[in-house]
1. Condition test on residue 148, is it in a helix (DSSP H, G or I) and within 12 Å of the ligand (Cβ to nearest atom)?
2. Wholly within region 332-379, which helices (runs of 4 or more DSSP H) include no fewer than the required count, namely at least 3 residues that are buried (at least 19 other Cβ atoms within 10 Å of the Cβ) and in contact with a helix residue (DSSP H, G or I) (Cβ under 7 Å, 6 or more places away or on another chain)?
3. Name the residue, out of 163, 172, 139, that is within 15 Å of the ligand (Cβ to nearest atom), β-branched (Val, Ile, Thr) and either open to solvent by 10 Å² or more (accessible area, probe 1.4 Å) or in contact (Cβ under 8 Å) with a residue 40 or more places away in the chain (or both).
4. Taking the options 382, 316, name whichever one is within 16 Å of the ligand (Cβ to nearest atom) and either over 26 Å from residue 79 (Cβ atoms) or assigned to a loop (DSSP other than H, G, I, E, B) (or both).
5. Has region 92-106 got any residue that is open to solvent by 10 Å² or more (accessible area, probe 1.4 Å) and touching a Pro at 6+ places or on another chain (Cβ under 6 Å)?
6. Taking the conditions exactly as written (surrounded by 20 or more Cβ atoms within 10 Å (Cβ to Cβ) and more than 16 Å from the ligand (Cβ to nearest atom)), does residue 234 satisfy them or not?
7. Under the condition of being away from the ligand (no atom under 16 Å from the Cβ) and in contact (Cβ under 8 Å) with a residue 24 or more places away in the chain, which residue from region 123-136 is surrounded by the most Cβ atoms within 10 Å (Cβ to Cβ)?
8. Identify all residues within region 107-122 that are surrounded by 16 or more Cβ atoms within 10 Å (Cβ to Cβ) and over 19 Å from residue 219 (Cβ atoms); write none if there are none.
Amino acid sequence: MADTNVFEDAVARVQRIGTSAGIRAETLAALRHPLATLTASLPVRMDDGSTRYFVGFRCRYNDVLGPTKGGIRYHPGVTIEEVQALALWMTVKCAVVGLPYGGGKGGVTVDPKQLSRLELERLSRSYMRAIADSVGPDIDIPAPDVYTNARIMGWMLNEYETIRREKTPGVITGKPVGLGGSLGRDEATGRGAFIVIQEFAKRRGLEPGKTRVAVQGFGNAGYHVARLLQRAGYPIVAVSDSQGAIYSENGFDIDSLYQHKQESRALSGVYCSGSVCELVDHERITNAELLELDVELLVPAALEGVIDANNADKIRAPCIAEVANGPITGDVDEALADAGKVVLPDVLTNAGGVTVSYFEWVQNRQGYPLTLDDVRQRLSDRLVAAFDDVWRIHESEEVSMRAAAYRVALRRIGAAIESQGTQEYFAGG
Ligand code: GLU
């Protein structure tokens with residue numbers, strides 16, 4: 001899908017679901033536009049001494065439930081529309097899980113693989129300098145997203161604290177544990193998705209051994225969800241990354257694949273040489289073919305818009321767990337539902353990351369770290385409760401899981417807007 005449509009598509013979905021749920025017009029109007037989006041030019045001194053200018057964005061979409069929260073993405077395809085769509089999805093996501101946050105998102109249009117480590121650090125510091133006036137533990141709290149990680153959050157935190165001349169670890173989450181990061185934050189998105197899939201499997205009586213899975217995207221979230229599913233007995237028959245995809249009827253050993261990728265930096269390294277090739281028979285397929293495989297569970301875990309009007313009718317998996325943000329475009333929601341597909345929506349399925357970010361922020365504010373077991377238990381409690389809320393609406397109001405999740409979120413946001421002051425108040429009601 002063209003980038004320029006991704007934001008309009010995200011807004012249209014909120015309006016469509018909200019209208020059919022009878023959400024007040026005032027709430028829907030509040031979600032039609034972001035609070036503010038900053039566009040910044042980011043000067044970066046390159047290793048050869050020249051200065052290059054990158055473009056970065058930070059969007060604070062809606063803060064009625066609390067400070068805005070959301071990651072920062074480094075990707076050549078980043079646009080203002082994409083960042084705004086992602087910030088709107090964060091607004092819905094935080095409300096679905098009941099976190100005291102609004103939604104935000106940031107991004108830099110850059111191919112981070114083309115930069116040296118020092119250039120990447122200078123870019124990250126330049127980005128933080130650009131947004132420093134509008135972030136803060138009670139204002140807007142960034143975190144990692146596609147192609148950013150704990151190390152990058154550490155550089156940004158250091159830059160922010162240097163500017164402010166005070167320690168404020170709660171300004172950013174997903175940072176290294178040594179700087180106040182939370183144990184279990186790294187695996188949180190994948191683990192959260194695993195919990196949601198398990199809850200769904202219980203309701204539907206899915207047997208792990210008979211549920212073949214294809215995972216599109218082998219980044220942080222894709223890897224962890226694949227690893228946990230495999231450990232629970234699900235055969236992971238296909239995996240892909242930006243270089244291509246591999247298929248094996250008998251399933252892959254995810255940890256060997258991961259190790260291989262770490263060494264070769266790409267799954268493509270797996271195709272030709274090395275231990276994994278000797279371990280399993282695999283076939284090379286394209287990313288498009290992976291999405292259309294005859295499997296029981298499809299897990300898009302990369303970028304948005306991979307299932308759209310061009311391929312929606314070719315998807316054979318009866319269940320799609322959206323681990324990426326926005327992998328399915330809004331215009332095919334209905335067609336997929338009509339075809340009997342169940343979509344476990346991103347705003348619930350990948351909410352584990354921001355949930356553990358919330359735990360990290362709480363730990364920073366209290367100055368009291370949690371154990372890994374404690375983090376995992378709290379994550380599970382939160383997501384099981386959120387799943388139950390969504391499932392209840394899905395069954396009682398007979399709507400898709402996505403519409404049910406949006407209804408949960410829009411009702412919470414609507415109630416908060418009303419509590420802030422209503423026409424009745426001004427009318428003396
Ligand atoms: N980037 C993640 C997301 O899309 C995590 C955001 C956060 O932890 O604030 O949900």
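The values are calculated or read from the model by the stated rules, or taken from the named source; none is laboratory data. Model, not experiment: these values are computed from the prediction. Glycine also receives a Cβ, built like all others from the backbone with ideal geometry; neighbour counts cover every protein chain displayed. Accessible surface areas use protein heavy atoms only, side chains included; no ligands, DNA or RNA. Shrake-Rupley method; radii C 1.70, N 1.55, O 1.52, S 1.80 Å.
1. no
2. Of the helices (runs of 4 or more DSSP H) lying wholly inside region 332-379, those with at least 3 residues that are buried (at least 19 other Cβ atoms within 10 Å of the Cβ) and in contact with a helix residue (DSSP H, G or I) (Cβ under 7 Å, 6 or more places away or on another chain) span 346-349, 352-366.
3. 139
4. Result: 382 is the single residue among 382, 316 that is within 16 Å of the ligand (Cβ to nearest atom) and either over 26 Å from residue 79 (Cβ atoms) or assigned to a loop (DSSP other than H, G, I, E, B) (or both).
5. no
6. yes
7. Restricting to residues being away from the ligand (no atom under 16 Å from the Cβ) and in contact (Cβ under 8 Å) with a residue 24 or more places away in the chain, the top hit is 123.
8. Selection gives 119, 121, 122.
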